[in-house]
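The block underneath contains the structure these notes are about, expressed in structure tokens.
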Amino acid sequence: MASKANFPGGNRYIATAFSIGTKGYMGLGAATSSGPLYNDLYEYDPSNDTWTARANYPGVIRSSAVGFTIGSKGYVGLGNNNLINANYSDFYEFDPTTNSWTVKASFPGTARGGMGCFSIGNSGFVGCGHNFTSGTRYNDFWEYTLQNNTWTQRASFAGTQRSTTGLSIGNRGYFGTGDDGYLEMIFGNTHPSIMSLQLLPQQIILALIATMLVLV
């Protein structure tokens, strides 16, 4: 694996990332568990291996936010700030052409961070997560529809309540791994036309992990 230009924003974890076209975007997150936290955004261009600072996320500093892409725009929101026991539900759209953010409908569920997310077609999907203040974990699942700027609750994740991650391949989404007080490796599979969730056997999970390693 070839080395690439280092991220210019300093040490970072539980950041947020998404891609639009041939470029990647990363920002927000924290330097360490004791801070500081950020609301910056950087664009990575693989054609010349460079990073460029873009307009800061308009919400407050935070970590563990969601980020996904619909069409030619990025969508970022939710998250938490462990330094002040705060959780967030605001949601914004990033337009790389104008380098600007537009506020969108806030997430209607309980504010939280650590949610899994992915996009399929003109919809984004988020679910599970962890409310830092109460310590509560969740397994609910929501769809954001770009056309009418609305959120709709869908079938809950079939696994336990947890912080997790997600991805999409074609017209299916996959939720899995995560932390529900202990680590797990399990994947849920959802199809937007059916909106039911099913657990996948370990053989398929390992195949998915192998696929992700190939894609990296």
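Computed from the coordinates by the stated procedures, all read-outs in this text should not be read as laboratory data. Nothing here was measured: the structure is a model prediction, and the numbers come from that model. Here the Cβ is made from the backbone with ideal geometry for all residues, glycine too, and neighbour counts use every protein chain on show.
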Checklist outcome for this item: The relative contact order of the range 56-139, taking Cα pairs under 8 Å that sit 6 or more residues apart, comes to a percentage of 27 percent
Checklist entry - residue 104: which lysines have alpha carbons under 26 Å from its alpha carbon, excluding same-chain residues fewer than 8 sequence positions away? => result 23, 73
Checklist entry - Using 20 Å as the cut-off for backbone N distance, which residues of the range 139-183 belong to the label zone defined by a point 7 Å from the Cα of residue 95 along Cα→Cβ? => result 145-150
Checklist outcome for this item: Heads up, the range 1-130 by the C-alpha gyration tensor (a ≥ b ≥ c square roots of eigenvalues; a/c under 1.5 rounded, else a/b over b/c prolate, else oblate) looks oblate
Checklist entry - By how many nm would the segment from residue 148 to residue 33 grow when fully extended, if each residue of separation counts as 0.36 nm and the alpha-carbon distance is taken off? => result 37.7 nm
Item to check | Karplus 3J(HN,Hα) series, Hz, for the range 6-11 with 6.51 cos²θ - 1.76 cosθ + 1.60 (x for Gly, Pro) | outcome: 5, 4, x, x, x, 4
